[in-house]
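To start, the structure under review is shown below, and the notes come after it.
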Amino acid sequence: MSIKALRGMKDILPPLSRTYLQFIQEASKVAQNYGFEYIETPLLEETALFRRSVGESSDIVGKEMYQFVDKGGNDVVLRPEGTASVVRSFIEHKLDKKGGIHRFFYYGPMFRYERPQKGRFRQFHQFGVESFGEPSVYEDAAIILLAKEILDHFEIGHTLKINSLGCPTCLPPYRQKLIEFLQSHEDICEDCKRRRELNPIRTLDCKNPHCQEIYKEAPKLLEHLCDECQSEFDKLQELLRNEEVDFEIDEHLVRGLDYYTRTAFEFISTDLGAQNAVAGGGRYDNLVELLGGKPTPAVGFAIGIERILDLLPDQRAPREGIYMGVLDPEALDLAFDLATKKRKTTKVFLEYKPKSLKAHLKSADRHNARYAAIIGEEELQKGTIWLKDLEQKRERSIHISHFLELE
Ligand code: HAM
């Protein structure tokens, strides 16, 4: 019986892997333009990290963690998301004590034991950014613009949804009103009854149509924001309008993770099916403190890379590098030496087996090479190389020294 990849986990092979790399490169460039630097954290973390941050009421912690006890008896989990790990690292390296602004970006696999379907995997990849130390709502706007710039770069059609989840001043009294409302409706689903106890605002994004109908009458958080949250939310909208960013206010957008305060947002693809959220994020001003650090405002987002790849056409990579071949076995030593020299700067594929020119040109095309460089007896005597530019469809004989200078 052959061994296959686990359910919900996928290999990424060419040509898709080419697009994947290109996405990482371009997204990293955009993040760097916004002042973010690369951070890498381990895939395995203590289970308590996600219990405390993502929260007990979330589906992620409640149902979806790849959790196990390692050989040393540690309760560990394959990270289901990146924010908690970056916050852990931020505190562990005492950047909270140092103060100032710290901006990070990351990418890599995340693990959630969800029911696999189109656009939803058990191992998937995120590209994310996290900004620490900046309380200004301008940073929220910059983070949203950063995400949008990445989506625009890849021409991903999207709708932006924003909401404010309030702060420790205005959220508790609102939560109390919501609990009272929820207690007067015993016909809500079992999941919502659980959320009512753990984190009542999470009920609002329940997908159950009956619950949705009930929540139309629920008290609205946006009508209970304190003055500061209200003016920040107004300012965010103004900044987005100034940058000509279209958005919708979605008062039921509460996000699936418990750590958010104030700004929450999601980018929804206009071209995907049920799993249509391509990116999500928001502000989490209490999380650093909650995980034992010095109170530090923070904001970030993550993009689901598989969902982006689903929307991009397979890319035929531009022709690249040199294919080298010999017509006679005697030419192989020289070809090998030249290939070694060229490989310091250029991608070279060297075919060891002597073949006819026609067969070599066919192979060069299969390798998607920009140039075919062929050496036969005649070239060996003259110290030249027969070179064909496969893109421009031009051929010529050039001296070896010119070949080595070729870009
Ligand atoms: P999230 O909304 O859970 O947020 O995930 C962000 C994105 O990851 C989603 O919008 C989606 O595109 C992708 N995604 C999530 N689950 C799956 C899955 N099972 N299969 C494929 N793609 C998936 C977070 O993870 C937060 N850490 C974002 C954040 C960063 N907030 C602040 N900073």
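The values are calculated or read from the model by the stated rules, or taken from the named source; none is laboratory data. Since we're looking at a predicted model, the values are computed, not measured. A quick note on method: Cβ atoms are made from the backbone with ideal geometry, for glycine too, and the neighbour counts reach across all protein chains shown. Quick note on the areas: whole protein, heavy atoms, side chains included, nothing else; ligands and nucleic acids left out. Shrake-Rupley method; radii C 1.70, N 1.55, O 1.52, S 1.80 Å.
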Could you give the length gained on full extension between S363 and R319, defined as 0.36 nm per residue of separation minus the Cα-Cα distance, in nm?
14.5 nm
The chain - charge dipole about Cα centre, Lys and Arg +1 at Cβ, Asp and Glu -1, debye rounded to 20
1400
Rounded, prolate or oblate (a/c below 1.5 giving rounded, otherwise prolate when a/b exceeds b/c) for the stretch 322-405 by Cα gyration tensor
rounded
Could you check how much of the accessible area of the chain is carbon and sulfur, as a whole percent, using a 1.4 Å probe?
50
Summing -39500 (n - 2.57) over every DSSP H run of at least 4 residues in the chain and dividing by its residue count gives a helix-only mean residue ellipticity at 222 nm, to the nearest 500 deg cm²/dmol, of -10500 deg cm²/dmol
Enter the accessible area per residue of the stretch 118-226 (Å², integer; probe 1.4 Å; all protein chains in place).
43
Heavy atoms only, 1.4 Å probe, whole protein assembly: order F111, F121, F336 by accessible area, highest first.
F336, F121, F111
Treating only the Cβ of Lys, Arg, Asp and Glu as charged (+1, +1, -1, -1), what charge dipole size does the stretch 39-78 show about its Cα centre? Round to the nearest 20 debye.
80
List the trypsin sites (Lys or Arg not before Pro) within the stretch 289-343 that DSSP assigns to loop and that have no more than 10 neighbouring Cβ atoms inside 10 Å.
R316
If you stretched the chain out fully between E37 and H153, how much longer would it get, using 0.36 nm times the residue separation minus the C-alpha to C-alpha distance?
39.8 nm
Set Lys and Arg Cβ to +1 and Asp and Glu Cβ to -1, take the dipole of the chain about its Cα centre, and tell me which of F267, F127, L171 lies farthest positive.
F127
Kirkwood calc, the stretch 8-105, C-alpha pairs only, radius in angstrom 15.9
Under a 1.4 Å probe, what is the accessible area of the stretch 322-405 per residue, stated in Å²?
59
In terms of the charge dipole of the chain, which places +1 on Lys and Arg and -1 on Asp and Glu at the beta carbon, the residue among P295, M1, F36 farthest towards the positive end is M1
Subtracting the Cα-Cα distance of E186 and R396 from 0.36 nm times their residue separation yields 67.4 nm
Over all alpha-carbon pairs of the chain, lay out the pair-distance distribution in 10 Å bins, whole %, shortest bin first.
4, 19, 24, 20, 13, 10, 7, 3, 1, 0
